[in-house]
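Read through the structure below, which is laid out as structure tokens, and then see the notes.
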Amino acid sequence: MKPLALVCALALLLGACMRQAPLPPPSGRAPVLRTPEERVAMEAAREAPAAPVASAPLAAGLPARLREAAFLRPQPLTGAAVLQALPAGSAVSILGEIDNAGGRWSNVRVGDLAGWLPASALEPVH
């Protein structure tokens, strides 16, 4: 075989190998499909600086009330949809709390709705 023909054959073989590269093994998890609004909210939450925690964590299962008006949201993100606007003084039940890039959030139940409020908007009921 001539040297030029050998180089061409190797180039074709290498190109075929590159096109037929195996895919990585599946992770075992189904991909999470997000709406454009959810992606924007998640990006904003990742880029937001961590807010200082204004209050101590509230214990799960205890009642609390809003010290200021706040929006009940389905996720602990300021860009998440609003489930309900709650006025100051509204009674809630604490389900739990988390810290994320957007600060401390409380998972709460208000009547039949469950959602997330900024922990700084809540105070314990004495």
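Read-outs: derived from the displayed coordinates by stated rules, not from any lab. Source: prediction; values computed, not measured. Quick reminder, even Gly has a Cβ in these numbers, built from the backbone with ideal geometry, and neighbours come from all protein chains shown.
Taking label positions 7 Å along the Cα-Cβ direction at both V125 and N100, the computed distance is 2.7 nm, reported to one decimal. With all projection directions averaged, the alpha carbon convex hull of segment 60-124 covers 3.7 nm².
Within the shell defined by Cβ-Cβ distances under 13 Å, the residues around P124 carry a net charge of 0, with Lys and Arg each +1 and Asp and Glu each -1.
With 0.36 nm allotted per residue and the present C-alpha distance subtracted, the A81-L6 stretch has 20.7 nm of extension available.
Based on the mean of other Cβ atoms within 10 Å per residue, sort peptides 101-107, 87-93 so the most packed one is first.
101-107, 87-93
Distance between the modelled labels on R65 and L113, one decimal in nanometres: 1.9 nm (7 Å Cα→Cβ projection).
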